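These notes are about the structure you will find just below.
The values are calculated or read from the model by the stated rules, or taken from the named source; none is laboratory data. This one's a predicted model, so the numbers in the text were calculated from it and none came from an experiment. Note that each Cβ is placed from the backbone with ideal geometry, even for glycine, and that neighbours are counted across all protein chains shown.
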Amino acid sequence: MIDETGSINLRYSPGRPRTARTKDAINKVKKKLQENKVSSRKLALELGISRTSARRILQDDLGCRPYKYLVEPALIQEHKEKRKTFANWIRTNFRKQETVKILFSGEKMFDIDGVYNTQNYRIWAVMVWLGVCSKCVFPLVIFDEGTVDHARYIEEVLPVALKYGNHVFGNDWAFQHDGAKPHIHQLTQQWCHDNFPGFIDKDHWLPNSPDLNALDYCI
């Protein structure tokens, strides 16, 4: 091989050639996702490949992950009382001009067009983090692989929020995130208290109130 090409690189990939995860199959799966939300089982049946190959195309080749669409319960009286308490806390601790210096943040699932199949609530999507404030939208943080735990959240997300928050507002602003498990972890809360100029911690942000965060309500 060295005599022929002058390189130790293989002229072709070792092992058996792909028979299922071909470019044609990948393009067909991508087109199916654009047309409708389907399960990996249905994709496998329609394309004549194994379910394992279908899942590998979705995960490894297209970078998608399966998520389950959940319907949250309506607000109860207890939630409404907590909203009043939160509103009074905001009025006491934030002046009017300071409320426009809150960085709202959250993770969202993005699929092709956001239309869910009511017969199959599991969707294939990519998880991203986004921050938004009164002046701008912050750069996306895309989670290519795996789940987001507190360690990954601290390492990949919070430094981005701190960097751009300081760039936009200087040292006079507050960071907000909801009650997701990576957010309320003790180490996450401590990092936020130690680094952000202001922080709405887990003891003050309301549960079951996605409409209070612009990113949870609508993008």
Restricting attention to strands (runs of 3 or more DSSP E) lying wholly within the stretch 119-181, give those where 3 or more residues are surrounded by 15 or more Cβ atoms within 10 Å (Cβ to Cβ) and at pLDDT below 90. 122-132
Mind listing just one residue for me: the one in the stretch 182-200 that is out of contact with any His (no Cβ under 7 Å at 6 or more places or on another chain) and outside any helix (DSSP H, G or I) and, of those, farthest from ARG91 (Cα to Cα)? PHE196
